[in-house]
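Data block below; observations after.
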Amino acid sequence: MSSIADVYRKEKGNLIVLSGPSGVGKGTICKELLRYYSDIVYSISATTRKARLGEVHGKDYFFYSKDEFLKMVEEDAFLEWAKVYDNYYGTPKLFVEEITSRGKDCILEIDVQGALQVKERKPEGVFIFIVPPSKEELIRRITCRGTENEKEVAKRMEKVDDEIALLPQYDYMVENDNLQKAVELIRCIILAERTRIHNHKK
Ligand code: ADP
Ligand code: 5GP
């Protein structure tokens, strides 16, 4: 027999979109979240970028050639896709559908172009923008990460103002000044969203 709460509980899991400028800490936050909370599933993106040292196909990303990626675009395999800097990135649609249909929350760590595409298609998603404490700190973080050269860091910084201008289109803003605090805030958002009442009339 179902409980009173079951009648009003949403059947599908939430689609949680983490977005924000490059170097703000999206990937780090996501890894921490997934390390502590096994009830959230990470959406593994497809990309045409080359794997970095230690990155594993099927764990960090699905690494594809440009031809393979564009074929998937033609086949409508992506929930969203975008050219970010010099490479293509996309969220495989079937995986997200399968996870959320099973009542599990699925987290997407994607750029702002992709996040807004998801918002068009899945307005019921939970959209979280991660903001850096300052631009100086953002430069420091990208530089310290050591995965981009000076030119690439500058390219990322050129886009920051345009990305932050899109912040009002999100549901939540989390400042990543302290990693553990940011992770806990996002955890609270995810838990609160699970208590949202499913309105059968909508
Ligand atoms: P993104 O995925 O948004 O591009 P990353 O997760 O790769 O960013 O983080 C960029 C760099 O910033 C990494 O070196 C990471 O260790 C560091 N970082 C992330 N969060 C914090 C924080 N709260 N304080 C200091 N450094 C951080
Ligand atoms: P990186 O190459 O550093 O892993 O990621 C570069 C940027 O691409 C980051 O801002 C990251 O959030 C974004 N990204 C990763 N996967 C996807 C995706 O599937 N779709 C979109 N639109 N952006 C993505």
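The values are calculated or read from the model by the stated rules, or taken from the named source; none is laboratory data. The structure presented is a predicted model; accordingly, all values stated were derived computationally and were not measured. Because the Cβ atoms are built from the backbone with ideal geometry, glycine has one as well, and the counts that use them run over all protein chains shown. To get the accessible areas, we keep the full protein, side chains included, count just its heavy atoms, and leave off ligands, DNA and RNA. Shrake-Rupley method; radii C 1.70, N 1.55, O 1.52, S 1.80 Å.
Quick notes on this structure:
- Every residue from the stretch 2-15 that is in a strand (DSSP E or B) and either within 16 Å of ligand 1 (Cβ to nearest atom) or not hydrophobic (A, V, I, L, M, F, W, C) (or both): Arg9
- Of the candidates Leu33, Leu18, the single residue that is within 16 Å of ligand 2 (Cβ to nearest atom), surrounded by 20 or more Cβ atoms within 10 Å (Cβ to Cβ) and either in a helix (DSSP H, G or I) or of a type in the set (S, T, N, Q) (or both) is Leu33.
- Residue tally, condition within 27 Å of Arg9 (Cβ to Cβ), out of contact with any Gly (no Cβ under 8 Å at 6 or more places or on another chain), of a type outside the set (Val, Ile, Thr) and in contact (Cβ under 8 Å) with a residue 24 or more places away in the chain, over the stretch 105-122: 3
- Output for the stretch 111-159, where each listed residue is within 10 Å of ligand 2 (Cβ to nearest atom), within 22 Å of Val17 (Cα to Cα), open to solvent by 40 Å² or more (accessible area, probe 1.4 Å) and not in a helix (DSSP H, G or I): Lys159
- Residues of the stretch 69-110 that turn out to be hydroxyl-bearing (Ser, Thr, Tyr), within 12 Å of ligand 2 (Cβ to nearest atom) and either in contact with a Pro (Cβ under 9 Å, 6 or more places away or on another chain) or open to solvent by 10 Å² or more (accessible area, probe 1.4 Å) (or both), as a count: 3
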